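The values are calculated or read from the model by the stated rules, or taken from the named source; none is laboratory data. All of these numbers come straight from a predicted model, not from anything done at the bench. Cβ placement follows ideal geometry from the backbone for every residue including glycine, while neighbour counts extend to all protein chains displayed. Note: accessible area is taken over every heavy atom of the protein model, side chains too, but ligands, DNA and RNA are not part of it. Shrake-Rupley method; radii C 1.70, N 1.55, O 1.52, S 1.80 Å.
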Amino acid sequence: DEIMVAEQLSRLHWEKLRAVHPRECLKWSKCKDECPNLSAFVKHLDRLSLWVITEIVLRVRLVERTVVVSKLIKIAHLCFCMNNFSAAYTILLGIQHPYVRRLKRTMGNLS
């Protein structure tokens, strides 16, 4: 269910983001080693993007890929509506990844 996935992503992101201290954001550009919570959040976003790419690319049949992309777009929209912009953006980045973008027939079948 897309709603449940969006809610769980929002809960996960809130937990990870809540742990980030504002000073970590200031130190991030100079020394990422001193920002463990922010690093964990960024790694989480990277894994989410990779999961999106993997879910799409592993589907062999065109119909299955189209269904997965449609669901992911709905999840991104729901995350956006829940003010979870980082998850929405990350999901859309995964969908726009070159490995996925080259599947032109999949994107052409979206309604």
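Numbers for the structure displayed
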| item | result |
| --- | --- |
| From I53, I73, residue being in contact with a His (Cβ under 9 Å, 6 or more places away or on another chain) and among the β-branched types (V, I, T) | I53 |
| Scan of region 82-100 for residues that are in contact (Cβ under 8 Å) with a residue 24 or more places away in the chain, open to solvent by 60 Å² or more (accessible area, probe 1.4 Å), among the hydrophobic types (A, V, I, L, M, F, W, C) and in a helix (DSSP H, G or I), ordered by number | L93 |
| Members of region 101-111 found to be open to solvent by less than 70 Å² (accessible area, probe 1.4 Å) and in a helix (DSSP H, G or I), listed by number | T106, M107, G108 |
| Search result, residues across region 1-46 that are polar (S, T, N, Q) and either within 24 Å of H77 (Cβ to Cβ) or in contact (Cβ under 8 Å) with a residue 60 or more places away in the chain (or both) | Q8, S10 |
| Helices (runs of 4 or more DSSP H) contained entirely in region 1-81, each with at least 3 residues that are among the aliphatic types (A, V, I, L, M) and either open to solvent by less than 30 Å² (accessible area, probe 1.4 Å) or closer than 14 Å to V100 by Cβ (or both) | 36-57, 62-81 |
